[in-house]
Amino acid sequence: MPELPEVETIRLNLIYGTKDYPSILGTIILRAVILWDRSLATPAVDKFPSRVEGQALQSIGRRGKYLVLKLTRDFLLIHLRMSGDILIESEDESISVHHRMILYLDNGYRLAFNDPRKFGRVWLVADAGEILSALGPEPLDESLTSIEFHRRITSHHRQLKPLLLDQSFFAGMGNIYTDEALHLALLHPLLKSDQLTLEESDRLLQSIRQVLNEGIKRSGASIDWVYRGGDFQNYFRVYQRTGKPCYRCGNPIVRIVSVQRGTHFCSHCQPLKE
DNA sequence: ACGAGCGCCTGTCGGC
DNA sequence: TGCCGACAGGCGCTCG
C-alpha cells in the first residue's frame with residue numbers, strides 16, 4: 001500500500017500511536033531479526049542486528065515514499081514498494097509468515113516489516129543522503145512555485161504519466177494518485193510534458209496537491225488484501241473505475257497501459273488534443 | 001533522452 | 001473443484 005499518503009499515514013501512526021498501540025518515538029531497539037535476507041539492502045545480514053541494537057528511535061520522518069527513522073547513530077530507511085506495511089504488535093501476538101524484519105522495542109512492543117511480495121527494502125546507513133539524494137522535490141512542499149514547476153515539467157519531452165511516476169521528478173507520486181491528479185487537472189496521461197501552458201501545469205500542480213491531501217486526510221487507500229484502514233478508495237474518480245461513468249461528464253472511464261501500469265482516465269474530459 | 005520489456009515475488013479473482 | 005492467465009499501490013535494469 002505505498003504511495004505518499006499511505007506512507008505519511010504510517011508515519012503519523014508511529015509518532016502518535018493509535019487505539020491499538022502507543023507511540024514508538026523514543027523507544028530503544030533491544031533486538032533485531034531478519035526473516036528474509038533480501039529485504040535488507042544494507043548492511044550485510046550478519047552485521048545488521050549488532051549495529052542496530054541499542055539505538056533509540058529519535059525521530060520518524062518521510063521522504064517521498066521512504067520512511068526515514070533517525071536512530072542514535074544511524075538512519076533506518078524503509079521502502080514498502082508494492083505490498084509492504086509496518087505493524088506495531090505486542091509480543092504475545094503470533095508472527096505472520098509475511099514478516100521480513102522484526103525490531104523488538106523496550107516498551108513491550110515490536111515493529112514488524114510485513115511484505116508478502118518481498119519487493120520492499122530496508123537500509124541501515126550513517127548518511128541518509130546516499131539513498132535519498134536522487135529524489136525530486138516533495139509535491140506538498142509549498143516552496144515549489146508554479147513558475148518553477150512549469151520550468152521543470154517543460155524541460156522534459158515526456159508523457160505526463162511516466163514523468164509523474166519518476167521519483168527523481170517528484171518524490172512520492174504513485175499509480176493511483178497520478179491517475180487521480182491527471183483527471184482532476186483534465187490532462188491526458190500521454191500528453192507530452194513540454195506541451196503544457198503555465199495555466200495547465202499550475203492546474204496539474206494544484207491537482208496533485210489536492211489528491212495527496214485528500215489521501216492523507218482519509219488515511220490513505222485500502223485495496224484488496226493489502227489493508228491499512230484508510231478509506232480513500234471510496235473516493236477514487238478514475239482509478240479502478242474502468243467502464244464506469246465519469247463523475248464529470250458521464251462517459252465511461254478508459255483503461256490503457258503505460259509503463260506497464262494500468263492507467264485510468266476519461267477520454268472526453270482529458271483529450272490528447274483539442 | 002525517452003519508452004518499452006523484463007525481472008523481482010505472492011496473492012486474488014474471474015473465466016472455463 | 002481445479003487450473004490458468006491477468007492483474008496488483010514500485011522500481012532497477014537493459015535495449016533500441
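The residues on offer are A:Asp74, A:Asp37, and the sole one that is under 29 Å from A:Gln167 (Cα atoms) and within 16 Å of DNA strand B (Cβ to nearest atom) is A:Asp37.
Identify the single condition in (1) surrounded by 14 or more Cβ atoms within 10 Å (Cβ to Cβ); (2) under 19 Å from A:Leu80 (Cβ atoms); (3) over 21 Å from the mean Cα position of the chain (by Cα); (4) not polar (S, T, N, Q) that A:Asp37 does not satisfy, given that it satisfies every other one. It is condition (1) that A:Asp37 fails. Restricting attention to the range A:199-210, does a residue exist that is among the basic types (Lys, Arg), within 16 Å of DNA strand C (Cβ to nearest atom) and free of Cβ contacts under 8 Å to residues at least 24 places away in the same chain? Scanning the range A:199-210, I find no residue that is among the basic types (Lys, Arg), within 16 Å of DNA strand C (Cβ to nearest atom) and free of Cβ contacts under 8 Å to residues at least 24 places away in the same chain, so the answer is no.
Of all residues in the range A:126-138, those satisfying the criterion of being within 13 Å of DNA strand C (Cβ to nearest atom) and part of a loop (DSSP other than H, G, I, E, B) are A:Ser133, A:Ala134, A:Leu135, A:Gly136.
Looking across A:Val226, A:Val257, one residue alone is of a type outside the set (Asp, Glu), within 14 Å of DNA strand C (Cβ to nearest atom) and under 17 Å from the mean Cα position of the chain (by Cα). It is A:Val226.
Could you list, in sequence order, all residues of the range A:1-23 that are farther than 21 Å from A:Gln58 by Cα and either polar (S, T, N, Q) or free of Cβ contacts under 8 Å to residues at least 12 places away in the same chain (or both)?
A:Lys19
For the range A:193-216, the tally of residues that are part of a helix (DSSP H, G or I) and more than 15 Å from A:Leu140 (Cβ to Cβ) stands at 9.
Output the number of residues of the range A:255-272 satisfying the condition of being within 16 Å of DNA strand B (Cβ to nearest atom), farther than 14 Å from A:Leu165 by Cβ and surrounded by fewer than 20 Cβ atoms within 10 Å (Cβ to Cβ). Count: 3. Restricting attention to the range A:192-218, the residues that are touching a helix residue (DSSP H, G or I) at 6+ places or on another chain (Cβ under 6 Å) and of a type in the set (S, T, N, Q) add up to 3.
Matching residues to (1) in a strand (DSSP E or B); (2) touching a strand residue (DSSP E or B) at 6+ places or on another chain (Cβ under 7 Å); (3) closer than 16 Å to A:Ala126 by Cβ; (4) at pLDDT 95 or above:
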site	(1), (2), (3), (4)
A:Leu25	no, yes, no, yes
A:Leu30	yes, yes, no, yes
A:Arg38	no, no, no, yes
A:Pro49	no, yes, no, yes
A:Leu69	yes, yes, yes, yes
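Evaluated against (1) within 16 Å of DNA strand B (Cβ to nearest atom); (2) more than 21 Å from A:Glu3 (Cα to Cα), A:Asn107 falls short on exactly one condition, (1). For A:Ser207, the test of being closer than 24 Å to A:Ser155 by Cα, within 15 Å of DNA strand B (Cβ to nearest atom), outside the structural domain of A:Pro116 (by TED's automatic domain parsing) and under 25 Å from the mean Cα position of the chain (by Cα) is failed. Checked across the range A:48-59, the condition of being loosely packed, with under 15 Cβ neighbours inside 10 Å and either among the hydrophobic types (A, V, I, L, M, F, W, C) or within 16 Å of DNA strand C (Cβ to nearest atom) (or both) holds for no residue.
Of all residues in the range A:145-181, those that are within 12 Å of DNA strand C (Cβ to nearest atom) and either outside any loop (DSSP other than H, G, I, E, B) or outside the structural domain of A:Arg203 (by TED's automatic domain parsing) (or both) total 10.
The values are calculated or read from the model by the stated rules, or taken from the named source; none is laboratory data. Note that this is a predicted model, so its numbers are computed, not measured. Ideal geometry is used to build each Cβ from the backbone, glycine not excepted, and the neighbour counts take in all protein chains shown.
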